[in-house]
Amino acid sequence: MASKLCTYLKASVVKKQVMAVTGLLLCGFLVSHLIGNCLIYVGSDAFNTYAHALTSNKLIYVAEAILAAIFFTHIGLAIKLTVENKKARPVQYYMKQKTGRGATFASSTMPYTGMLILVFLIIHLINFKFGPVYMTQIDGIEVRDLHKTVVLYFQSPLNVLWYVIAMIALGIHVSHGFWSAFQSLGFSHPKYNCGLKLISKLFAVVIALGYIALPIYCYLLGGK
Amino acid sequence: MSSDNLMTLNLKIWRQQNSKDSGKIQDYVLEGVSPDSSFLEMLDQLNEKLIAEGIDPVSFDHDCREGICGMCSLMINGQAHGPERETTTCQLHMRKFNDGDTVVIEPFRARAFPVLKDLMVDRGAFDEIIAAGGFTNVNTGNAPDANSILIPQSDAELAMDAAACIGCGACVASCKNASAMLFVSAKVSQLALLPQGQVEADQRVQNMVAKMDELGFGNCTNEAECEASCPKGISISNIARMNRDYLSAAVKSKAEPKA
């Protein structure tokens with residue numbers, strides 16, 4: 001049974017399907033994180049209460065472990081697939097031109113946007129999750145003032161710029177990845193192919209703009 | 001035909017003695033090329049000139065020269081089968097080029113497609129994939145009654161579209177990952193779509209994918225450069241079909257993939 005599973009997990013088609021499933025799950029994470037972010041527009045108390053509710057729940061460790069596993073699978077497999085792909089053409093072309101009818105900027109830069117997102121992710125965790133801790137009181141309970149950490153971080157235009165660039169890269173990555181995941185899993189039909197590609201692009205724009213709005217809002221908010 | 005139209009071309013051609021040689025790009029100037037000649041006729045003209053000069057002619061693959069056998073190949077100015085859409089190299093005409101143009105001619109490149117000499121490439125890997133499962137078992141004897149097996153028109157059309165694949169390898173050559181997914185999926189689909197292909201369906205898709213992986217082709221990143229450069233316009237919807245057939249076979253088939 002285990003050997004059978006191993007045989008399948010080594011197949012190119014299945015590796016791509018694991019990439020697809022983990023990628024779609026990460027898209028789900030992006031949506032939930034974005035909804036959480038939106039609480040910053042409600043106010044500091046709403047934001048901090050939400051952050052406290054998340055971090056004080058013991059189940060957060062299980063959720064984080066699952067999330068980390070999804071991330072590591074997606075990243076690890078991406079590296080493995082990219083290395084295999086490079087090996088598949090040991091001698092490069094003297095001249096290679098794209099047809100202009102297939103590859104897009106997003107599709108041909110997936111490993112690069114992916115790497116940029118990974119670097120961003122590490123810096124993001126250092127800055128916020130493991131960043132400066134301020135405390136505040138909500139209804140008499142001592143909670144972490146994550147709102148202050150976020151707003152103070154985005155007082156630097158350089159931090160805002162880096163965040164915006166990373167989110168544009170994320171949007172580009174997702175615009176190909178979302179549709180590509182469905183193709184890898186075998187969803188393809190003239191009835192919904194166009195729709196799926198459109199939804200993929202729309203989803204990427206919503207995600208990118210949604211995330212970009214936050215640092216700009218915080219920057220404009222000033223230290224308030 | 002008036003000689004006014006004749007073109008002079010600067011050719012940059014990949015020359016490689018044998019599969020062990022590292023090879024290099026060699027410059028040639030070819031005068032008097034008719035715009036009405038095909039790309040392969042232009043190479044014939046070059047070879048006649050080279051032979052007259054006592055130089056080893058350029059080896060290249062070709063056979064029917066009618067765009068149906070899948071034997072001709074070539075990366076022309078960085079594109080598989082050249083710049084024209086849904087056209088094989090043999091059907092590409094020199095009128096697509098201008099007098100004085102520089103034309104870069106290279107072999108199809110992939111680990112699974114070793115260069116034998118100059119522009120000649122061993123695409124036997126495709127034959128190995130077909131041997132791994134690209135067939136159906138049929139009873140010999142009398143021909144079966146026509147139309148005894150009912151096939152929906154839409155399925156027949158899709159199967160015919162997939163069967164248009166001539167196995168030239170342009171999909172592998174143009175893919176940045178040298179993936180053979182379009183070829184394999186077309187060969188899986190042409191049988192998977194028909195009732196006659198159902199008996200071996202699960203084993204076929206598993207074994208052909210296993211063989212493809214074993215031969216060292218790359219992984220598909222859904223860029224669709226294969227579809228765009230395919231001389232027969234094979235759609236990447238075949239790749240999606242193969243992906244779902246593989247997943248379904250992996251879940252329900254009793255047989256494991258064997259390459």
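Please go through the stretch B:219-257 and give me each residue that is touching a residue at least 60 places away in the same chain (Cβ under 8 Å) and either in the same structural domain as residue B:84 (by TED's automatic domain parsing) or not in a helix (DSSP H, G or I) (or both), ordered by number.
B:230, B:231, B:232, B:233, B:234, B:235
Sort out which residues of the stretch A:93-114 are farther than 27 Å from residue B:233 by Cβ and surrounded by fewer than 15 Cβ atoms within 10 Å (Cβ to Cβ), and write them in order of number.
The answer is A:112, and nothing else.
Quickly run through the stretch B:131-151 and pick out the residues that are within 22 Å of residue B:202 (Cβ to Cβ) and surrounded by 10 or more Cβ atoms within 10 Å (Cβ to Cβ).
B:131, B:132, B:133, B:134, B:135, B:136, B:149, B:151
Among the residues of the stretch B:168-177, is there at least one that is surrounded by fewer than 22 Cβ atoms within 10 Å (Cβ to Cβ) and within 14 Å of another protein chain (Cβ to nearest Cβ)?
So far as the stretch B:168-177 goes, yes, one or more of its residues are surrounded by fewer than 22 Cβ atoms within 10 Å (Cβ to Cβ) and within 14 Å of another protein chain (Cβ to nearest Cβ).
Being at pLDDT 95 or above and either within 18 Å of residue B:120 (Cα to Cα) or surrounded by 17 or more Cβ atoms within 10 Å (Cβ to Cβ) (or both) is true for just one of B:65, B:85. Which residue is that?
After ruling out the rest, the residue left standing is B:65.
Kindly indicate whether residue B:79 is more than 14 Å from chain A (Cβ to nearest Cβ) and not hydrophobic (A, V, I, L, M, F, W, C).
no
So, in the stretch A:118-148, exactly how many residues are assigned to a helix (DSSP H, G or I) and either farther than 20 Å from residue B:219 by Cβ or among the small types (Gly, Ala, Ser) (or both)?
14
Looking at A:78, A:51, A:46 in this structure, which one is among the aliphatic types (A, V, I, L, M), within 23 Å of residue B:206 (Cα to Cα) and either surrounded by 13 or more Cβ atoms within 10 Å (Cβ to Cβ) or within 14 Å of chain B (Cβ to nearest Cβ) (or both)?
A:78
Can you tell me which residue is modelled with the lowest pLDDT among those in the stretch B:126-144 that are over 20 Å from residue B:198 (Cβ atoms) and assigned to a loop (DSSP other than H, G, I, E, B)?
B:143
Return the residues of the stretch A:10-43 that are within 11 Å of chain B (Cβ to nearest Cβ), under 24 Å from the mean Cα position of the chain (by Cα) and either among the polar types (S, T, N, Q) or more than 16 Å from residue A:183 (Cα to Cα) (or both); say none if nothing qualifies.
A:12, A:17 - these are the residues of the stretch A:10-43 that are within 11 Å of chain B (Cβ to nearest Cβ), under 24 Å from the mean Cα position of the chain (by Cα) and either among the polar types (S, T, N, Q) or more than 16 Å from residue A:183 (Cα to Cα) (or both).
For the stretch B:13-68, name all the residues that are small (Gly, Ala, Ser), out of contact with any helix residue (DSSP H, G or I) (no Cβ under 7 Å at 6 or more places or on another chain) and more than 14 Å from chain A (Cβ to nearest Cβ).
B:32, B:52, B:54, B:59
Which numbered condition in (1) in the same structural domain as residue B:80 (by TED's automatic domain parsing); (2) of a type outside the set (A, V, I, L, M); (3) over 21 Å from the mean Cα position of the chain (by Cα) is the only one that residue B:106 fails?
Among (1) in the same structural domain as residue B:80 (by TED's automatic domain parsing); (2) of a type outside the set (A, V, I, L, M); (3) over 21 Å from the mean Cα position of the chain (by Cα), the lone unmet condition for residue B:106 is (3).
I'm trying to understand the selection: among the residues of the stretch B:189-206, which are part of a helix (DSSP H, G or I) and away from every other protein chain (no Cβ under 11 Å)?
B:189, B:190, B:191, B:192, B:195, B:196, B:197, B:201, B:202, B:203, B:204
Which one of these is touching a residue at least 40 places away in the same chain (Cβ under 8 Å) and either surrounded by 22 or more Cβ atoms within 10 Å (Cβ to Cβ) or not aliphatic (A, V, I, L, M) (or both): A:180, A:188, A:200?
A:180
Considering only residues that are more than 19 Å from the chain's Cα centre (by Cα) and polar (S, T, N, Q), look in the stretch B:222-259 and name the one that is nearest to the other protein chains (Cβ to nearest Cβ).
By that ranking, first place goes to B:243.
The values are calculated or read from the model by the stated rules, or taken from the named source; none is laboratory data. Every value quoted in this text rests on a predicted model; they were computed, and no experiment measured them. Virtual Cβ from ideal backbone geometry, glycine too; neighbours counted across all protein chains shown.
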